[in-house]
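The values are calculated or read from the model by the stated rules, or taken from the named source; none is laboratory data. Computed from a prediction, not measured in an experiment: that's the story for all the values here. All Cβ positions, glycine included, derive from the backbone under ideal geometry; neighbour counts span all protein chains shown.
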Amino acid sequence: MNPLAKLDQKFVWHPFTQMRDWLKREPIVITEGQGAILRDVKGKEYLDANSSIWTNLHGHQHPKINAAITRQLKKISHSSALGFANEPASLLAEKLVSVANSKLVGRASSRAGLGEEKGNRSSVASPQLDKVFYSDDGSTALEVALKLAYQFTLRTRGKKVKPRFLSLDGAYHGDTIGAVSLGHIDLFHKAYGGMLFATDKVMSPYCYRCPFNRAKPERTDARKSRKCHWECVGKVEQKFSAQKKKGNPYAAFIFEPLMQGAAGMIPQPSGWLGQVTDIARAHGALLIADEVMTGFGRTGVTCHVDDKIITDIAKRPASAKLFATGRVGITPDFLCVAKGLTGGYLPMAATLTTQRVFDAFLGEYEEFKTFFHGHSFTGNQLGAAAALASLEILQTKQSVLQRAHLQKWLHDELQTLWSLPNVGDIRQVGLVAGIELVKDWRTREPFALRERAGIRVCEAMTQRGVLTRPVGNVIVLMPPYCTTKTQMQSIASALREAMEESF
């Protein structure tokens, strides 16, 4: 066994990992990365098919981000945000506000191929995001939004109110106590039940396993073949109405826009998000959008990409929205970002919010209306420098076109998997895909978790030089934006062969 692998097994405790299993075999020790390729200590190369757990946008060792960090290192690596400002964090805040509030090109552009998903645009007026609060990761970004929403509700509705929050079934919003309280995945959260505060959940629009979907299994994305009457939207309305009757309307509605990640890559059918956020707004609830996974172009350039759309995008690259909420015409009261914020280089997060929320925390010193929350590395200069470089790359014509091509390549390769009997559903939103494994696609019968179906397939992919990690029985593909057509084909081939070997 490699000496570094021995050290790891002797001293390191890995996240979301059964360490008894980990200690049974020699771990892969990653030492280098270039573009979409990772290299281990033994010199073996792997394709990074999940962007190093959903973080890396542009590929490893991107020269522009490397250069930005190097320039900043020659100035200063970190100084406190408690009582001091700094250059890159200030510039980054301005840039984040700008891209978060970028206007849609208009519904009429759907005919030109640049429009957003039909029926998604909210009919309720949205606020503008004006302020940025920095933190360290996705969990803390959600924790900030939760605390701000809690205190804002008390200050605007009265201190006798008990703010209550609504999120989706299967939700995962992080691992801090507040973020875990918003989550509804028993496997992750049940162990901490005694530490959590109560929140409510409402059904997620999981078309493939929706009890209201009367469509029989077909060899297509279940969103396309669904037969229902938007019962999932009705459930949201019922939940808000019931809470209002109790005299304590929900303080906020928390959601991942367009696709729920850790829930199993659950995509939302076109029109769902606009309807449910309209309901939340009508009931006076704040909107907290968790774009930790979906942000910075991850949900694609538009809902569908073909050669004509790619040509149109080449003429107007600025029409490609960087946030999922922007793609559907919704501006939340809180926009939480992390993971890809720095291009996957450094841990950094941000919570964007409105002037209205900010103003609720203004007062005289002795009023103690200050937001009492913070982090030692808030607004870190190295992270901010990397994020500025990443945002600059994202807005170039070259990057937008590459993302459009990759979205199409991913779609084309996924279609070749429908012939496999253990593929139940294939779900793609932009540059994110989930392939749900089942015992038989005709019955949708799931594998029991103890059968380790997803893990077995990913282990077989590793043997073929492709790295990713499943969410239960769902194989996740989320390649870096620099992934080539040939590399995308290799990822799909490895997945096909791994499934044929595993079942």
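What is the residue count in the stretch 166-211 for residues that are among the aromatic types (Phe, Trp, Tyr) and more than 20 Å from PRO269 (Cα to Cα)? Lay out the reasoning, then the answer.
Pass one, the stretch 166-211, residues among the aromatic types (Phe, Trp, Tyr): 172, 188, 192, 197, 206, 208.
Then keep just the ones that are more than 20 Å from PRO269 (Cα to Cα); that gives 188, 192, 197.
The number of residues fulfilling the criteria is 3.
Results for (1) among the small types (Gly, Ala, Ser); (2) in a loop (DSSP other than H, G, I, E, B); (3) over 27 Å from GLY374 (Cα atoms), shown as yes or no for each residue.
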residue: THR17; (1), (2), (3): no, yes, yes
residue: GLU32; (1), (2), (3): no, no, yes
residue: TYR46; (1), (2), (3): no, no, yes
residue: ILE65; (1), (2), (3): no, no, no
residue: LYS75; (1), (2), (3): no, yes, no
residue: ALA81; (1), (2), (3): yes, yes, no
residue: ALA85; (1), (2), (3): yes, yes, no
residue: PRO88; (1), (2), (3): no, no, no
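For the stretch 413-460, which residues satisfy the criterion of being of a type in the set (Asp, Glu) and within 15 Å of CYS207 (Cβ to Cβ)? Spell out the reasoning first.
Here is the first cut: in the stretch 413-460, the ones of a type in the set (Asp, Glu) are 413, 425, 436, 440, 445, 451, 459.
If the condition is that a residue be of a type in the set (Asp, Glu) and within 15 Å of CYS207 (Cβ to Cβ), then ASP425, GLU436 are the ones that fit.
Determine whether ILE426 is part of a helix (DSSP H, G or I) and either crowded, with 17+ Cβ neighbours inside 10 Å or modelled with pLDDT of 95 or more (or both). Break it down into steps so the answer makes sense when it comes.
On the way: part of a helix (DSSP H, G or I): no; either crowded, with 17+ Cβ neighbours inside 10 Å or modelled with pLDDT of 95 or more (or both): yes.
In short, no.
Restricting to the stretch 236-260, what's the tally of residues that are under 28 Å from VAL292 (Cβ atoms) and either surrounded by fewer than 17 Cβ atoms within 10 Å (Cβ to Cβ) or acidic (Asp, Glu) (or both)? Steps first, please.
To start, the set of residues in the stretch 236-260 that are under 28 Å from VAL292 (Cβ atoms) comprises 236-237, 239-240, 243, 249-260.
Pick out the ones that are also either surrounded by fewer than 17 Cβ atoms within 10 Å (Cβ to Cβ) or acidic (Asp, Glu) (or both) and you get 237, 256.
Residues flagged as under 28 Å from VAL292 (Cβ atoms) and either surrounded by fewer than 17 Cβ atoms within 10 Å (Cβ to Cβ) or acidic (Asp, Glu) (or both) within the stretch 236-260 amount to 2.
Within the stretch 48-63, how many residues turn out to be in contact (Cβ under 8 Å) with a residue 12 or more places away in the chain and part of a helix (DSSP H, G or I)? First the steps, then the outcome.
Looking only at the stretch 48-63, we keep the residues that are in contact (Cβ under 8 Å) with a residue 12 or more places away in the chain, and these are 48-62.
Among the residues that remain, those that are also part of a helix (DSSP H, G or I) are: 51-54.
Total satisfying the criteria: 4.
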field: Matching helices (runs of 4 or more DSSP H) fully within the stretch 155-255 where at least 1 residues are small (Gly, Ala, Ser)
entry: 177-182, 222-225, 231-245
statement: If we take the stretch 282-362, then helices (runs of 4 or more DSSP H) inside it with 1 or more residues that are surrounded by 24 or more Cβ atoms within 10 Å (Cβ to Cβ) and of a type in the set (Ser, Thr, Tyr) are 324-327
message: If LEU38 meets every condition in (1) out of contact with any Phe, Trp or Tyr (no Cβ under 7 Å at 6 or more places or on another chain); (2) surrounded by 13 or more Cβ atoms within 10 Å (Cβ to Cβ) apart from one, which number is that one?
response: (1)
- prompt: Hey, does the stretch 290-300 have a residue that's over 17 Å from the mean Cα position of the chain (by Cα) and not hydroxyl-bearing (Ser, Thr, Tyr)?
  reply: no
query: Residues in the stretch 265-281 that are buried (at least 24 other Cβ atoms within 10 Å of the Cβ) and either part of a loop (DSSP other than H, G, I, E, B) or among the β-branched types (Val, Ile, Thr) (or both): how many?
result: 5
message: I'd like to check something: does the stretch 364-375 contain any residue that is surrounded by 14 or more Cβ atoms within 10 Å (Cβ to Cβ) and either touching an Asp or Glu at 6+ places or on another chain (Cβ under 7 Å) or not assigned by TED's automatic domain parsing to the domain that holds VAL99 (or both)?
response: yes
